[in-house]
Structures are given as structure tokens and as C-alpha cells.
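Heads up: the structure comes next, in C-alpha cells.
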Amino acid sequence: MMRRSLSVLWLLGISSPAWACAVCGGGGQNRQAFIDTMVFMSAMPLAMFGGIAATIWYLVRQASELESTEP
Amino acid sequence: MAEAKVPTTSMDPGFRHRRRKALLPDAVIGMIFFIVTEVMLFSGFISGFSIIKANAPGNVWPPPGQPRLPIESTAVNTLILLLSGAAIFYAGRRFKEDAPSAARPFLLAVVLGSMFVILQGSEWVALLRDGLTMTSSSYGSFFYMIVGSHAVHAVCAILTLLYLFARLQRGTLSSEAFIAGRMFWYFVVFLWPFLYWKVYLG
């Protein structure tokens, strides 16, 4: 109970500076731009390395099939 | 009668060492990693540009008092660059069948790419004269940073293609080197329409 009360008090205490964050506190287009660019920058490396991994997997499978048909 | 043992290790008689062909040539792997890092570089540029645009005073973009970008002439320039990409693709097809026959489309790709860079340069001269500079506004600084970085990559790719063309003429161009060079050019070509959309049309 004591710990919960202290946590709530702490959150109330930091809430005011937290709204200085450009994403949380900024309105409208600014906030949306930050969210969009965060999603874009996070997705880009995942997409690229996923594509590379898929290509390598395909090449390995192709090579295995060729090896299995060789005499 | 005991069955003959199939040789599976180098200790077994009759074992044959077989050299496996590499799945991806080293040049191609290196170029893939280079392109991945450059894509992240441009992603960062575009992200910063998007945030600056969203924070424009009064949501007015481009900012007032700055010259407008030449959208129509750059659209023509974009087509020239895409044609260059098509030429290098055709050169790749010809190279597989008969290497010397790839010379003409290869040279066409280099010429078209050089035209793109020269025309972009002439547009820059006009924009600088009209007052859009690196320090005139955030619009100007982002424009020259993004488009300038692409131009640097285009120039380096053209120099790479010229080197590969020289090797093709001498008959010493390997398919791995040609693939890697073509990948670099495809990166430059296909990145540009995205930059045109975000910077010129955005």
C-alpha cells in the first residue's frame, strides 16, 4: 500500500516535465510526424534484413535441391 | 556379401572433395551491406525532413520567400535516370549471353546517368542564384543535404561504372563485379523517385 502510494506520488511529480516531450506534449502534425518517422525508421532495417534473410534461404534451398539431383 | 561403404569423410577411400559454389559472391555481399547502410542514411535524412516540415511555422511549407523547386524539369530528369536503369538492366542481360554485346547499353546507361547529374547541377545553379542556399532556411539546408548526398552517390556510381566499362572493353570484367556495380546503380536510380516525391512534391 505504501509502495503504491509512493509510486502514484512519484508519477504525479514527474508528470509536468514529461509533457515537455516533443512527441507526448507536442500537438497535431508534430506528434504524428514523430510517430510516423519512428515507425519508418524501425521498420526499415527489419524489412531490409528480412528480405536478405529470405533471399539467402531461397538460395540455400535452391542449392540443396541441385545437390540432391546431382549424381 | 557386405555392402560397399559410401565414403562420407575424407578418411574413407574413394572420397571426393567437392568445392561448393558460393551462394552469393563476395562482391555482392559487400555491396548489399553498403546499400543497407546508405538506405538507413537516407531514411534518417527523410525522417528529419518530415519532422522539420511538420514543425513549419503556421504549417506553411515550403516556407514563404524561398524559390520553388523545378518540379517539371526534375520530372524529366527522373525519367532520364529511370531510362539509365533500364539500359543497365539490358546490359546485364546481354552480358550473360555475350559479354562484348553489353558495351553499348552499358555506355548508354553511363551517358544517361551523367546527363542526370549535369542537369541536376544546372538546376542547383539556378536555385542558388534565386536565393535557395544551405543557410537561407531549413528548407534549403535539407534540400541540398538530401539531394546533394544523392548526387555524390550518383557521381561515385558513374565512376564505378566507367571503371567496369573499361574492364569490359579489355575483356577482364567478371560477372560478380558487374552484378555488384549494377546493384549500386539500381540503388541510385530507384532511390531518386522516392526522394523526388518527398522533397520536390511533398
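The values are calculated or read from the model by the stated rules, or taken from the named source; none is laboratory data. Nothing here was measured: the structure is a model prediction, and the numbers come from that model. FYI the Cβ positions are ideal-geometry reconstructions off the backbone, even for glycines, and counts take in every protein chain you see. The area values use the complete protein model at the heavy-atom level, side chains included, leaving out ligands, DNA and RNA. Shrake-Rupley method; radii C 1.70, N 1.55, O 1.52, S 1.80 Å.
Kindly provide the set of residues from region B:40-50 that are at the interface with chain A (Cβ under 9 Å from one of its Cβ atoms) and buried (at least 16 other Cβ atoms within 10 Å of the Cβ), ordered by number.
B:S43, B:I46, B:S47, B:S50
State yes or no: is A:L59 more than 21 Å from the chain's Cα centre (by Cα) and modelled with pLDDT of 85 or more? Before you say what the answer is, go through the steps one by one.
Working: more than 21 Å from the chain's Cα centre (by Cα): yes; modelled with pLDDT of 85 or more: yes.
When the stated conditions are applied, A:L59 passes them.
Which residue pairs have Cβ atoms closer than 6 Å, lie 6 or more positions apart in sequence or on different chains, and pair a first residue in region B:65-86 that is without any contact (Cβ under 8 Å) to a residue 40 or more places away in the chain with a second residue that is open to solvent by 20 Å² or more (accessible area, probe 1.4 Å)?
From region B:65-86, the pairs are B:I80/B:L112; B:I80/B:M115; B:L83/B:L112.
Quick check on this structure: which one of B:L195, B:L119, B:L191 is touching a residue at least 12 places away in the same chain (Cβ under 8 Å), closer than 13 Å to B:L81 by Cβ and either outside any helix (DSSP H, G or I) or open to solvent by 50 Å² or more (accessible area, probe 1.4 Å) (or both)?
The unique qualifying residue is B:L119.
From the residues in region B:134-145 that are touching a residue at least 24 places away in the same chain (Cβ under 8 Å) and part of a helix (DSSP H, G or I), which one is farthest from the chain's Cα centre (by Cα)?
If we take residues in region B:134-145 being touching a residue at least 24 places away in the same chain (Cβ under 8 Å) and part of a helix (DSSP H, G or I), then B:S138 is farthest from the chain's Cα centre (by Cα).
When only residues in region B:52-66 that are assigned to a helix (DSSP H, G or I) and surrounded by fewer than 16 Cβ atoms within 10 Å (Cβ to Cβ) count, which is farthest from the chain's Cα centre (by Cα)?
Among residues in region B:52-66 that are assigned to a helix (DSSP H, G or I) and surrounded by fewer than 16 Cβ atoms within 10 Å (Cβ to Cβ), the one farthest from the chain's Cα centre (by Cα) is B:G58.
Given the options B:G113, B:G131, B:G148, name the one that is touching a residue at least 24 places away in the same chain (Cβ under 8 Å), of a type outside the set (S, T, Y) and surrounded by fewer than 19 Cβ atoms within 10 Å (Cβ to Cβ).
Just one listed residue meets the conditions, B:G131.
Report, ordered by the first and then the second residue, all pairs with beta carbons closer than 7 Å, sequence separation of six or more or different chains, a first member in region A:28-52 that is under 14 Å from B:F42 (Cβ atoms), and a second member that is polar (S, T, N, Q).
Qualifying pairs under 7 Å: A:T37/B:S47; A:T37/B:S50; A:F40/B:S43; A:F40/B:S47; A:M41/B:S43; A:M41/B:S47; A:M44/B:S43.
Please go through region B:159-185 and pick out each residue that is open to solvent by 50 Å² or more (accessible area, probe 1.4 Å), part of a helix (DSSP H, G or I) and in contact (Cβ under 8 Å) with a residue 40 or more places away in the chain.
Those that are open to solvent by 50 Å² or more (accessible area, probe 1.4 Å), part of a helix (DSSP H, G or I) and in contact (Cβ under 8 Å) with a residue 40 or more places away in the chain: B:L162, B:Q169, B:S175, B:E176, B:I179.
Given the options B:L41, B:L69, B:L81, name the one that is outside any helix (DSSP H, G or I) and under 28 Å from B:V110 (Cβ atoms). Walk me through how you get there before you give the answer.
Working: B:L41 fails: outside any helix (DSSP H, G or I); B:L81 fails: outside any helix (DSSP H, G or I).
Being outside any helix (DSSP H, G or I) and under 28 Å from B:V110 (Cβ atoms) holds for just one of B:L41, B:L69, B:L81, which is B:L69.
Against the conditions (1) away from every other protein chain (no Cβ under 14 Å); (2) within 21 Å of B:L201 (Cβ to Cβ); (3) hydroxyl-bearing (S, T, Y), where does B:S101 fall short? Just the number, please.
(2)
Yes or no, residue by residue, for (1) small (G, A, S); (2) at pLDDT below 95; (3) more than 20 Å from B:K53 (Cβ to Cβ):
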position	(1), (2), (3)
B:L108	no, no, yes
B:L128	no, yes, yes
B:A154	yes, no, yes
B:A157	yes, no, yes
B:G181	yes, no, yes
B:F184	no, no, yes
B:F190	no, no, yes
B:G202	yes, yes, no
